[in-house]
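Working notes, structure below.
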């Protein structure tokens, strides 16, 4: 295997990812300070929304895309035990993504693209932001092609054999990203870019929001699948056991791929451009996609219990204490699952057609989102980095004890910060505002929660800085060790054809996407002259 090439690709992608992560955390700290209204000298709506937009793009697009690409290259080469296919294409994709990030960063930092990471019109960003975002997506498609070609080549060379679980999940994620990124790509190329260039005077806001909804929720599973790969393939091994069920894991990844795509309209419950029937259809799909999450929770916890009992844990819960809590991967898994449970409860509220009205566009929403993304997803990203850095750099992790402190800090800070957001949402605090001082009796009840939010944000920033410091010290000052190949654990015992490929599932996805988005998109062209969303803004 071309280990050096794979390691360099992984490291280059990871450094962009975690560099973006560190920078985004500073922007996040500014936001909690400014939004609290307790520091008058920080008050600036223009700076606040520029910061929110930059923070969102860095976290949701830059961190995730580069991490997933780097992790995918490593996973493909190690689990398939074969050279990376077409390294020049991989470097080209990396270059396109970096150029895209640079182009988008300029207007973001200048306050010319303060459209949040959803960049909903009719607010307009500078054309270079849309161009940069488009290039980032296009560059990521290079990665998708490489992953799917390697998947197909392995199956061709080993007919009848079961694809290793890590690669099966990675291929599923590449397919999911190709399907879901098509929505935002269509919006950008055919609506946002022509509009920003002045080629069109108006934009159909309803159509734009519908196309972004195509991407908006499935992208969460694009972020989540690498975390699940670590939970299924790294955690059991780190705990001293084995995966409870390979077939359940494959089933979960297939269900995420199939059910995670046609559910975007639960973000549009309060929007008028889609009928209640279509929203109800997407709501049903949203509840259905909880099934693979429940499967994952059951399978991973069962794997941990097996490991704990193997280590001598007795009684109903004795296995929990017997787990190696001082292993960063095991600790991260436990903490991320706890946040997944808490965030999942909030997700049920958001997805419910009636209850969503209670929390729509309140502080509850970022509270839920941060628990799932910044909590569950990023915690596992951090653990993966701690596991892979020694192999990539040929140096021992600088300090396991500090890594444990960092993970606990991230968990504690996230709980302290997001709990007030949930409460503030129920107290009616709006979501997309730059300050919360309205000088009313209502806002007086918000102040204690604002202080807690600042405390949580401060702990999170300290934890993020410690994480970046540990990676830097590992790469520059860690004890040198012989780099060794340490593939993810894979418990292949044979899988049926429908859990060893995606031909059937791609056909099903096509049917579901046509049913879910066919008429909702077509209506904007059939009813163009009568649609209020076609008015100019």
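Computed from the coordinates by the stated procedures, all read-outs in this text should not be read as laboratory data. Just so we're clear, the structure is a prediction, and the values are computed from it rather than from any experiment. Please note: Cβ atoms are built from the backbone with ideal geometry, for glycine as well, and neighbour counts cover all protein chains shown.
Which value in nm describes the separation of the simple spin-label points at residue 42 and residue 353, placed 7 Å from the Cα toward the beta carbon?
Those two pseudo-labels are separated by 4.1 nm.
Compute the length gained on full extension between residue 317 and residue 432: take 0.36 nm times their separation in residues and subtract their Cα-Cα distance, giving the result in nm to one decimal.
Between residue 317 and residue 432, full extension yields 37.1 nm more.
At a Förster radius of 45 Å, what calculated FRET efficiency corresponds to the Cβ-Cβ distance of residue 280 and residue 4, to the nearest 0.05?
Computed FRET efficiency for residue 280 and residue 4: 0.25.
Quick check: pseudo-label points 7 Å beyond the Cα along Cα→Cβ at residue 405 and residue 110, how many nm apart are they?
Each label point lies 7 Å from its Cα, and together they span 4.2 nm.
Which value at 222 nm does the chain reach when only helices count, each DSSP H run of 4 or more adding -39,500 (n - 2.57), with the total divided by all residues and rounded to the nearest 500 deg cm²/dmol?
It comes out at -23000 deg cm²/dmol, rounded to the nearest 500.
Spin-label point model (7 Å from Cα, Cβ direction): what's the residue 476 to residue 301 distance in nm?
Label-label distance for residue 476 and residue 301, simple model: 4.3 nm.
With a 10 Å Cβ neighbour count serving as the proxy for reagent exposure, in which order, fewest first, do 479, 161 appear?
Starting with the residue having the fewest Cβ neighbours, the order is 479, 161.
Any idea what the relative contact order of the chain is, in percent, if you count C-alpha pairs under 8 Å spaced at least 6 apart? If you can, show how the numbers build up before the last one.
Details: 849 pairs, mean separation 96.1, N = 537.
So the answer I get is 18 percent.
I'd like the distance separating the alpha-carbon centroids of region 316-393 and region 76-113, in whole Å.
Cα centres, region 316-393 to region 76-113: 26 Å.
Nearest 0.05, what FRET efficiency do residue 270 and residue 89 give at R0 = 51 Å with Cβ-Cβ as r?
That pair, residue 270 with residue 89, gives E of 0.75.
Applying 1/(1 + (r/R0)^6) with R0 = 35 Å to the Cβ-Cβ distance of residue 341 and residue 515, what FRET efficiency is obtained, to the nearest 0.05? All intermediate terms of the calculation are to be shown ahead of the outcome.
Working: r = 32 Å, r/R0 = 0.90.
The pair residue 341/residue 515 has a calculated efficiency of 0.65.
How much length is gained if the chain between residue 102 and residue 149 is pulled fully straight, taking 0.36 nm per residue apart and subtracting their Cα-Cα distance, in nm to one decimal?
14.0 nm
Using mean Cβ contacts within 10 Å as the protection proxy, how do 4-15, 516-527 order, highest first?
The peptides rank, most packed first, as 4-15, 516-527.
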